[in-house]
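J.: Provided herewith is a single structure, encoded as C-alpha cells, for subsequent inquiry.
The values are calculated or read from the model by the stated rules, or taken from the named source; none is laboratory data. Keep in mind it's a predicted model, so treat the numbers as computed, not measured. Cβ placement follows ideal geometry from the backbone for every residue including glycine, while neighbour counts extend to all protein chains displayed.
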Amino acid sequence: MRARRRITLVAASLVLTLTAAGPLAAPVFAAPAAVQRAGALDTAALAAALTGLPDADATAALVRVGGTDGTWRGSAGVHDLASGAAADPDARFRAGSTTKVVTAAAVLRLAAQGRIDLNTPIQHYLPGLLGKQFRPITVRQLLNHTSGIPVGVSLGDSFAELYAHRFETLTPQRVAASAGAKKPEFRPGKKQHYLNINYTFLGLLIEKVTGRSYASQATRLVLAPAGMRDTYFPGTDPRILGPHNLGYQAVQRADGTTEFVDVTEWNMADRFAAGDMISTTADLERLITSLFRGRIVPKPQLQEMFTVPAGIEGAAYSAGLTRFEADGKVYWVKSGGRYGYNSAVAATRDLSRTVVYSVNSTDAKSEDVNPVVNRIIMAALK
C-alpha cells in the first residue's frame, strides 16, 4: 500500500451542547482528517463539508473523491456517541440500495454468458410467482424499474414498528409472492417507478438460473473481480462484522426532546438483492471504477447501465444506476439508505470524477436530503 500524506485540516474543536438531546451531547470532536492529491478538486469545500460532526443530522461521514481530476479522502465524526472516539475511516457500513449496482452487474454478466435473456419475461424464469393479472415483464424492465410490480409485504410502516421487529426474518420469497398476488401498478414499459421489489425478483432470478445463493453469485460475478475484499451480504445476521461506526436514528420523545437510538444491529434479509449489502467506501470506489472500465460486465451489456428507457416522461433510472446532470456533466449515481446509514456512488462515464460517501445520518430514511450529504455532494461535484 503506497504511502499517503496525512493532512490535519485546520478547524476548531467542537463541543456539542444540544440541550436535552440525549447521548449526542457528550462527544468532543476534533477536526476531520484527510489525504489529498493536487488536481481540479475544491479540497477546501470538501473539508468544510465535514466540519462540525457529530451534529443533530449525522454522527460520522466518510468520503472518497477520485478520478483524473484529483483525489481526496476525508473522514469526520465519531465511532459511537458514548465514547466519542474518532470515526474509523475504513469502517464498514450498510450500503442500502447501492446493492442494486452489484445485482444489475451480476444479471448483466449472466446475460453476457447467455444464461439470462434480457428480453425474456421473468414469468418464464420464475413461473407462478406473479399472478395471471400481470402481463409479461421482461428482465430488462425489472432492471430499469418499468415492470409495474407493486411493493410487497413489510414488517411495518413506521420506524417504531420496524424497530420493534428488527431481529425478525422476512424472506425475499415471501416479499415477492405478496407483491405477485396484488394488482399491477401499470402496464410494463409504460411508466418508471423505482421500487426495491424489482431487484428482489432479480435476486431470485440469479438464484434460479445459477442454482446457487444470491450472495455467493454476486460475490463470484462482481465482488471478487472488482477486488471488494470488505464487502459481504449479512442475510439474517443483524450485526455488521468487522470495524464499523455505529448508526443512530433520532427519535422525538413525548416531552419534545430528542433521543438517539442505536440502530446498528438489524436483520435486513428482506432487502436481499435490493439493499442488504455491507461495504466500505474503498470497495464501492473499486466497484464503480472496475465496472465503468469494463472489467466486470462486457461492453455490449454494460451499455444497459448507461441507457435510460426512451419514451417515458421523467425516466432517469437505467440498469442499477440513475442519470444525474450537474454543471453540464453527466454522472451515473446510486444512493442507498438504511436506518443509521446513507451512502452513494457516483461517477462520470469517463471516470474523470468519482464520488463515494457514507454518512451516519440520524434520519437516514427521510425524504429530505440530509444536510451533511447535501454539503458533500455540492463540494464533490464542483
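J.: Name the single residue, out of those in the range 155-186 being assigned to a loop (DSSP other than H, G, I, E, B) and in contact with a helix residue (DSSP H, G or I) (Cβ under 7 Å, 6 or more places away or on another chain), that is farthest from Pro121 (Cα to Cα).
T.: Here is the first cut: in the range 155-186, the ones assigned to a loop (DSSP other than H, G, I, E, B) are 155-158, 165-171, 181-186.
From the residues that got through so far, the ones that are in contact with a helix residue (DSSP H, G or I) (Cβ under 7 Å, 6 or more places away or on another chain) too are 155-156, 169-171.
Numbers: Leu155: 29, Gly156: 31, Thr169: 29, Leu170: 26, Thr171: 23 Å.
My answer is Gly156.
J.: If a residue has to be among the small types (Gly, Ala, Ser), over 17 Å from Val369 (Cβ atoms) and crowded, with 23+ Cβ neighbours inside 10 Å to count, how many in the range 53-70 make the cut? Show your work before the answer.
T.: Here is the first cut: in the range 53-70, the residues among the small types (Gly, Ala, Ser) are 56, 58, 60-61, 66-67, 70.
Those left that are additionally over 17 Å from Val369 (Cβ atoms): 60, 66-67, 70.
Pick out the ones that are also crowded, with 23+ Cβ neighbours inside 10 Å and you get 60.
Count: 1.
J.: Does the range 77-87 contain any residue that is under 27 Å from Thr348 (Cβ atoms) and outside the structural domain of Leu142 (by TED's automatic domain parsing)?
T.: At the first step, the residues of the range 77-87 found to be under 27 Å from Thr348 (Cβ atoms) are none.
Scanning the range 77-87 turns up no residue that is under 27 Å from Thr348 (Cβ atoms) and outside the structural domain of Leu142 (by TED's automatic domain parsing).
J.: Restricting to the range 351-366, name every residue that is modelled with pLDDT of 95 or more and basic (Lys, Arg).
T.: Arg353
J.: Please determine, by comparing only the residues of the range 188-245 that are of a type in the set (D, E, K, R) and closer than 30 Å to Glu313 by Cβ, which one is surrounded by the most Cβ atoms within 10 Å (Cβ to Cβ). Don't jump to the end; show me each part of the working.
T.: Just the residues of the range 188-245 that are of a type in the set (D, E, K, R), to begin with: 190-191, 207-208, 212, 220, 229-230, 237, 239.
Remaining after also requiring closer than 30 Å to Glu313 by Cβ: 190-191.
Working: Lys190: 11, Lys191: 17.
My answer is Lys191.
J.: Got a sec? Which of Tyr232, Tyr248 is over 27 Å from Gly128 (Cα atoms), without any contact (Cβ under 8 Å) to a residue 60 or more places away in the chain and of a type outside the set (S, T, N, Q)?
T.: Working: Tyr248 fails: without any contact (Cβ under 8 Å) to a residue 60 or more places away in the chain.
That would be Tyr232, the only listed residue that is over 27 Å from Gly128 (Cα atoms), without any contact (Cβ under 8 Å) to a residue 60 or more places away in the chain and of a type outside the set (S, T, N, Q).
J.: Further, regarding this structure: Among the residues that make up the range 120-133, is at least one of them surrounded by fewer than 22 Cβ atoms within 10 Å (Cβ to Cβ), of a type in the set (S, T, N, Q) and not in a loop (DSSP other than H, G, I, E, B)?
T.: yes
J.: Please state which one of Val65, Val102, Val151 is among the β-branched types (Val, Ile, Thr) and assigned to a loop (DSSP other than H, G, I, E, B). Talk me through it step by step, then tell me what you get.
T.: Working: Val65 fails: assigned to a loop (DSSP other than H, G, I, E, B); Val102 fails: assigned to a loop (DSSP other than H, G, I, E, B).
That would be Val151, the only listed residue that is among the β-branched types (Val, Ile, Thr) and assigned to a loop (DSSP other than H, G, I, E, B).
J.: May I ask you to verify whether Thr289 is in contact (Cβ under 8 Å) with a residue 60 or more places away in the chain, within 27 Å of Tyr163 (Cα to Cα) and not aliphatic (A, V, I, L, M)?
T.: no
J.: For the range 334-349, enumerate the residues that are over 29 Å from Val263 (Cβ atoms) and free of Cβ contacts under 8 Å to residues at least 60 places away in the same chain.
T.: Scanning the range 334-349 gives a single hit, Arg349.
J.: A further question on this structure: With the structure loaded, tell me whether Leu50 is more than 29 Å from Lys382 (Cβ to Cβ) and either crowded, with 24+ Cβ neighbours inside 10 Å or touching a Phe, Trp or Tyr at 6+ places or on another chain (Cβ under 9 Å) (or both) or whether it fails that test. Walk me through how you get there before you give the answer.
T.: Working: more than 29 Å from Lys382 (Cβ to Cβ): no; either crowded, with 24+ Cβ neighbours inside 10 Å or touching a Phe, Trp or Tyr at 6+ places or on another chain (Cβ under 9 Å) (or both): yes.
Taking the combined requirement at face value, the residue does not satisfy it.
J.: While we're here: Are any of the residues in the range 202-210 in contact with a helix residue (DSSP H, G or I) (Cβ under 7 Å, 6 or more places away or on another chain), within 15 Å of Thr103 (Cβ to Cβ) and among the basic types (Lys, Arg)? If you could, list the steps in order and put the result at the bottom.
T.: Step one: of the range 202-210, the residues in contact with a helix residue (DSSP H, G or I) (Cβ under 7 Å, 6 or more places away or on another chain) are 202-210.
Adding the requirement that they be within 15 Å of Thr103 (Cβ to Cβ) leaves 202-210.
From what is left, the residues that are among the basic types (Lys, Arg) are 208.
There is at least one residue in the range 202-210 that is in contact with a helix residue (DSSP H, G or I) (Cβ under 7 Å, 6 or more places away or on another chain), within 15 Å of Thr103 (Cβ to Cβ) and among the basic types (Lys, Arg).
Each row is one residue, and each column tells you yes or no for (1) modelled with pLDDT under 95; (2) surrounded by 15 or more Cβ atoms within 10 Å (Cβ to Cβ); (3) within 17 Å of Tyr194 (Cα to Cα); (4) over 16 Å from the mean Cα position of the chain (by Cα).
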site	(1), (2), (3), (4)
Phe306	no, no, yes, yes
Ile312	no, yes, yes, yes
Gly320	no, yes, yes, no
Val330	no, no, no, yes
Val333	no, yes, yes, no
Gly336	no, yes, yes, no
Arg349	no, no, no, yes
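J.: When you look at Arg239, is it in a helix (DSSP H, G or I) and assigned by TED's automatic domain parsing to the domain that holds Ile149, yes or no?
T.: Working: in a helix (DSSP H, G or I): no; assigned by TED's automatic domain parsing to the domain that holds Ile149: yes.
It is false that Arg239 is in a helix (DSSP H, G or I) and assigned by TED's automatic domain parsing to the domain that holds Ile149.
J.: Consider the range 153-206. How many of its residues are under 22 Å from the mean Cα position of the chain (by Cα) and among the basic types (Lys, Arg)?
T.: Counting residues in the range 153-206 that are under 22 Å from the mean Cα position of the chain (by Cα) and among the basic types (Lys, Arg) gives 1.
J.: Something else about it: Residues Ile376, Ile312: which one is of a type in the set (A, V, I, L, M) and assigned by TED's automatic domain parsing to the domain that holds Asp230?
T.: Working: Ile376 fails: assigned by TED's automatic domain parsing to the domain that holds Asp230.
Result of the check over Ile376, Ile312: Ile312.
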